[in-house]
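Inspection log for the structure reproduced underneath, given as structure tokens.
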Amino acid sequence: MNREMSETLVRTGPGTPMGNLMRRYWVPILHGYELAEPDGPQLRVQILGERLLAFRDTRGRIGLIDEFCSHRGASLYFGRNEECGIRCSYHGLKFDVDGNCIDVPSAPQVAPKMGIKAYPCIERGGVVWAYMGPPDKRPAPPEVEWCLLPAEQVFVSRRLQECNYLQAMEGGIDTSHVSFVHRYEVDADPMHKGSAANRYIKADGNVVFDIEQTPFGLTMFGRRNGDPGTYYWRITQWLFPWFTLIPPFGEHPLGGHVWVPIDDHNCWAWSINFRPDRALSAQERGAMEQGMGIHAPCEPGGFRPLANRDNDYLIDRKAQRERRAYSGVFGFAMQDASLQESMGPIQNHEAEKLLPTDKGIVMARRMLYDAVLNLQNGVEPPALDASAQRVRAAGVLLDRARKPADWANEHLANRLDVPVYSI
Amino acid sequence: MNREMSETLVRTGPGTPMGNLMRRYWVPILHGYELAEPDGPQLRVQILGERLLAFRDTRGRIGLIDEFCSHRGASLYFGRNEECGIRCSYHGLKFDVDGNCIDVPSAPQVAPKMGIKAYPCIERGGVVWAYMGPPDKRPAPPEVEWCLLPAEQVFVSRRLQECNYLQAMEGGIDTSHVSFVHRYEVDADPMHKGSAANRYIKADGNVVFDIEQTPFGLTMFGRRNGDPGTYYWRITQWLFPWFTLIPPFGEHPLGGHVWVPIDDHNCWAWSINFRPDRALSAQERGAMEQGMGIHAPCEPGGFRPLANRDNDYLIDRKAQRERRAYSGVFGFAMQDASLQESMGPIQNHEAEKLLPTDKGIVMARRMLYDAVLNLQNGVEPPALDASAQRVRAAGVLLDRARKPADWANEHLANRLDVPVYSI
Amino acid sequence: MNREMSETLVRTGPGTPMGNLMRRYWVPILHGYELAEPDGPQLRVQILGERLLAFRDTRGRIGLIDEFCSHRGASLYFGRNEECGIRCSYHGLKFDVDGNCIDVPSAPQVAPKMGIKAYPCIERGGVVWAYMGPPDKRPAPPEVEWCLLPAEQVFVSRRLQECNYLQAMEGGIDTSHVSFVHRYEVDADPMHKGSAANRYIKADGNVVFDIEQTPFGLTMFGRRNGDPGTYYWRITQWLFPWFTLIPPFGEHPLGGHVWVPIDDHNCWAWSINFRPDRALSAQERGAMEQGMGIHAPCEPGGFRPLANRDNDYLIDRKAQRERRAYSGVFGFAMQDASLQESMGPIQNHEAEKLLPTDKGIVMARRMLYDAVLNLQNGVEPPALDASAQRVRAAGVLLDRARKPADWANEHLANRLDVPVYSI
């Protein structure tokens, strides 16, 4: 990837081409529980390089507004959230969820000129989503499967990842690394162990990809040797512009991620587990809350993982030697994050030498880049129709002659009323 | 304020236009007690972007010299303060309070060429002041009232504020914010509570300013409704280039500040309480030492507030909800500092939208800017005559028909032998 | 030193003129004990601005390779050191000690194209040395005396110094500072106390230098008054490009340093004590392990001194006043480092005013600069012939009429089979 294309994809601040593209989609910003109460504490939010303030007002509406007062630039984090708005503590200017200035105590007549930026928010799947693009271009709400399920069937966490979103997301697209860094984790982690999939993944490190480009993103068919006469296919999706879907391991829940830029050197890794067909068990939910599976134990009350670059991700060379942790780092999430953060805040894409297993990320980069160029030329972005998100990942053992795309078209395409396919 | 004017006002390093202006006045640099003993430990001092070393020599004279040895650039902080000079620990070069090199052990004959910069210092009001401008332009010592009083009538503290001096000082000029962020503090703090002023301030958030430009700065007349038929006037001053004066609350002491750039991202907030007419009581002094009133509890032995941006100023959302702390932050000093620091190291002045209550800061900016331009054209700065500093802040209840400027001319102008006016 | 010459000497990253010169010599990178076991933990190494990875493979060979995988740029620090190579944890690429890619699991045929940079390493004197220059220009291994002695006669430590290598090394060349910052240390430290040298050094702070330029660097003859009718000469060497040698104090061991750039703001201070004629005693070795003499107590398991700039080198003003520590800092190493680091990450050489005692550093700078210019013009660097390193420092009391260079030619030149000269 040359410098120009790399710079285009990794910069997402206000006014950047990629930033403009991302602002055409709903953006996950917070857990709903972080803004639980009307008139509760407001929160600072940084997303796509913008410093914002989120709050729930007296009537229960969520506001996502500029963090700073229009008057002198003081942070509204120190303001008062009361009576349907945030009042700046410095001189009492008050703003509602739409960014309107509804009071200037010393000069009421100028209030209409003192408004600040505000983005509409919705709640879905326990997540607060914001729309940060042109008002007249607001798309339908997201319909990724886990957004549409009852709360008891879904678990959502998020963690800080200290690198550009692109190299993080590419780890979610390229599943060929599972056979390496996650090699010993699949058997040890309660969210993955015990499945036949583990056996195939460990036995065949040389996954072969067949990738289908769709209007909504990519469907990746990863082939490993299965039982005699069969292939084990892992069917995963990348959905425009930042969703990835993960098939279940045996009876364990399905999974997914959203990779959202905080700024160009940091992103949120949202991690989701869900069962379309039943509530999560107390045992499953307990393990997730402890940071097992694709989740990660974080600092109390915060979202930075306990294992992070300041402590070398708690690398354990003894566990590495004893083949309990392939890289010495424990946990799926931090195994990925340690490697992706080690590439630097923004990977030097010009220096990389891509391999055939990188086909998925090459295609995703190209699709994102084309969408950016198209948008600059007035062509609307892909996948704004949320129904394109009504797909599901699957793991399946097929006869060697069987084409997995045919199987997927028959069993998974564009509907969520199918059984869970997993082995 | 456009970018050019903002850049002019906020940059104060050596050779900058604003730096040149400030260097024409005496600069507070340390508490006298920090350099108490002859031959005691020297101190590093950063002021106006210059890295300096302060020490008291064997004969009790104070030196403020370049921190670094002229020879190889080693810090004289590691030198020896003895026998009327600082001796560099590296090769033994020795410098006196005037920056003269008085010994080069390996080559005595070159000593006269090895001198370093030095600034003259005086002590007034418990504070060490330096003059950092052209030697032939040295003005008379400062005569702000608290400088001239016996030690028992004055209390002085200083704290680090982690932002540009201008946005800090503007909080001292614009007192309209008292009705907001300090709203619950005026009744709770022992240095403010119990005065009639509190009642007026809380009842009338819409202060109206009448501002008079004087040769020495600004006199601001802030009007709030008083008792029937009267107005409650708070008369405050901004004195060139960085002094602000605060009227007493009831029987409490008068107050004041000096806002001094450390570098362009940090400043010293000097905070002073004093009584012209009597010694401070043990109770008053005790409260001040604990960081009450306009002072702030700081790290032991240091000057960084315990409540600072690293801990979100110990914000207490419960206290905010219960109307014990308007912004959730406690203490006048940190209520201001939290808001001013939240604007960023240097406020983006181009983005601000000023209101009528900002009239004082607009006038002060303009006066500073004019003085900078004038100085560049050879016109001497204003207020070099220290007698211009012989003014006093006051709070007074006047008949609605009475002009406060007339009252001030009669009772406060240019003399310090008047009673304390306060309510 | 003008800006151009200073910039030339202090910049040592890949492709810089000085970097090119240094890469023509063997570079100390690690203690041998840090890479003790075959297949033990790999280590991150930063040297001359390059981020590298050191490991010992299954067969005991040492590899020093690029820290980052050629594929996607993940750090090989998280890889697996096993079966004669480092395997990247992300996608399983494997590299041997020569940087060859010896496995790409998903695409074995491309392995030959995926190689990374690698530098040959050797072990001498308990130290791992790397050669980072053009392969066809590799010189003979280093022959400084301590490299050639049995392990029981040598003690080697290294510590991080947080400034450019040049200002650190210059402290090793210019020994005139011993009479100042180390004044009280020479009597107190167990590695120095009790020698006649201490007495001469303290009595005569005005050392006079006679410096001889040699093909391998400099021999410095430092003259102080000795007993009646004699001079006390300290004969020290600077050897191209970064070695300095220290004469013994009385019966104590000889010493030396190597000053190696980590990047332009940090360097390794390697510190060596040795006896050519006997094993170090348990008492001597114990004192060195505790950080006495020219060594420094460091953070457990690390190489950053416990006394460092974050804690003002544990400066003790009381000890300074009581003449137990000249600058208030304890220990030879940190006395030097505190002063050298206080000059800033890169000393402002344009502002310095050199003295006659700086003759040695002036000559060394000039020799380095000339060697850089010569190399750019195709002239080979000096002192590539390691036999030039077969010299020794000495302390000697000579009749005032005696020329120390004559004595040195007779007793020290180019051979290591002479007695230890010390007083």
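Mind checking which residues of the stretch A:267-291 are within 19 Å of the chain's Cα centre (by Cα) and open to solvent by 50 Å² or more (accessible area, probe 1.4 Å)? Listed by number, the list holds a single entry, A:Glu289. Scanning the stretch C:395-423 for residues that are closer than 15 Å to C:Thr214 by Cβ and among the aliphatic types (A, V, I, L, M) returns C:Ala405, C:Ala408, C:Leu412, C:Ala413. Give all pairs with beta carbons closer than 6 Å in which a residue from the stretch B:352-366 that is within 11 Å of another protein chain (Cβ to nearest Cβ) and in a helix (DSSP H, G or I) meets a residue that is open to solvent by less than 10 Å² (accessible area, probe 1.4 Å) and not basic (Lys, Arg); count only pairs at least 6 apart in sequence or on separate chains. From the stretch B:352-366, the pairs are B:Pro356/A:Ala107; B:Thr357/B:Ser176; B:Ile361/B:Glu170; B:Ile361/B:Ile173; B:Ile361/B:Asp174.
B:Val379 meets all of the listed conditions (1) buried (at least 20 other Cβ atoms within 10 Å of the Cβ); (2) away from chain A (no Cβ under 14 Å); (3) β-branched (Val, Ile, Thr) but one, namely (1).
Being more than 10 Å from chain A (Cβ to nearest Cβ), under 27 Å from B:Phe221 (Cα atoms) and outside any loop (DSSP other than H, G, I, E, B) is not true of B:Met292. Per the listing A:Ala111, A:Ala107, A:Ala130, the residue uniquely more than 28 Å from A:Ser281 (Cβ to Cβ) and in contact (Cβ under 8 Å) with a residue 24 or more places away in the chain is A:Ala130.
Here A:Gly344 passes the criteria (1) within 14 Å of another protein chain (Cβ to nearest Cβ); (2) crowded, with 21+ Cβ neighbours inside 10 Å; (3) not in a helix (DSSP H, G or I) except the one numbered (2).
Of the residues examined, B:Val372 is not one that is part of a loop (DSSP other than H, G, I, E, B), at negative phi, in contact with a Ser or Thr (Cβ under 7 Å, 6 or more places away or on another chain) and surrounded by 14 or more Cβ atoms within 10 Å (Cβ to Cβ).
With the requirement that a residue be among the acidic types (Asp, Glu) and more than 18 Å from C:His411 (Cα to Cα), what does the stretch C:209-256 give you? Break it down stepwise before answering.
So in the stretch C:209-256, the residues among the acidic types (Asp, Glu) come out as C:210, C:212, C:227, C:251.
Matches in the stretch C:209-256: C:Asp227, C:Glu251.
Scanning the stretch A:303-323 for residues that are at the interface with chain C (Cβ under 10 Å from one of its Cβ atoms) and over 30 Å from A:Leu43 (Cα atoms) turns up A:Ile315, A:Arg317, A:Lys318, A:Gln320, A:Arg321, A:Arg323. Among the residues of the stretch B:134-154, is any of a type in the set (Lys, Arg), open to solvent by 10 Å² or more (accessible area, probe 1.4 Å) and touching a strand residue (DSSP E or B) at 6+ places or on another chain (Cβ under 8 Å)? Yes - at least one qualifying residue is present in the stretch B:134-154.
Against the conditions (1) in contact (Cβ under 8 Å) with a residue 40 or more places away in the chain; (2) of a type in the set (Lys, Arg); (3) open to solvent by 20 Å² or more (accessible area, probe 1.4 Å), C:Arg159 satisfies every one except (3). The criterion of at least 1 residues that are small (Gly, Ala, Ser) and touching a Phe, Trp or Tyr at 6+ places or on another chain (Cβ under 8 Å) is met by the following strands (runs of 3 or more DSSP E) wholly inside the stretch A:116-219: A:127-131, A:154-161.
Here is the figure for the stretch A:391-400: residues that are buried (at least 18 other Cβ atoms within 10 Å of the Cβ) and not in a strand (DSSP E or B) total 3. On the basis of being in contact (Cβ under 8 Å) with a residue 24 or more places away in the chain and within 30 Å of A:Asp227 (Cα to Cα), does A:Val418 make the cut? The answer is yes for A:Val418.
Taking the stretch A:185-201, which residues are open to solvent by less than 60 Å² (accessible area, probe 1.4 Å) and of a type outside the set (Asp, Glu)? A:Val186, A:Pro190, A:Met191, A:His192, A:Ser195, A:Ala196, A:Ala197, A:Asn198, A:Tyr200, A:Ile201, listed by residue number.
If only one of B:Thr8, B:Thr16, B:Thr12, B:Thr58 is closer than 20 Å to B:Pro381 by Cβ and free of Cβ contacts under 8 Å to residues at least 60 places away in the same chain, which one is it? Can you show your working first?
Numbers: B:Thr8 fails: free of Cβ contacts under 8 Å to residues at least 60 places away in the same chain; B:Thr12 fails: free of Cβ contacts under 8 Å to residues at least 60 places away in the same chain; B:Thr58 fails: closer than 20 Å to B:Pro381 by Cβ.
Sole residue among the options that is closer than 20 Å to B:Pro381 by Cβ and free of Cβ contacts under 8 Å to residues at least 60 places away in the same chain: B:Thr16.
Restricting attention to the stretch C:1-11, the residues that are among the aliphatic types (A, V, I, L, M) and not in a helix (DSSP H, G or I) add up to 1. Taking strands (runs of 3 or more DSSP E) as the structural unit, those lying wholly within the stretch C:12-102 and holding at least 2 residues that are within 14 Å of chain A (Cβ to nearest Cβ) and open to solvent by 10 Å² or more (accessible area, probe 1.4 Å) correspond to C:43-47, C:50-56. Residues in the stretch A:238-258 that are open to solvent by 10 Å² or more (accessible area, probe 1.4 Å) and assigned to a strand (DSSP E or B) were compared, and the one that is farthest from A:Val128 (Cα to Cα) is A:Ile246.
The values are calculated or read from the model by the stated rules, or taken from the named source; none is laboratory data. These numbers come from a predicted model, not from an experiment. Don't worry about glycine lacking a Cβ; one is built from the backbone with ideal geometry, like all the others, and counts go over all protein chains shown. Ligands, DNA and RNA are excluded from the accessible area calculation, which covers all protein heavy atoms including side chains. Shrake-Rupley method; radii C 1.70, N 1.55, O 1.52, S 1.80 Å.
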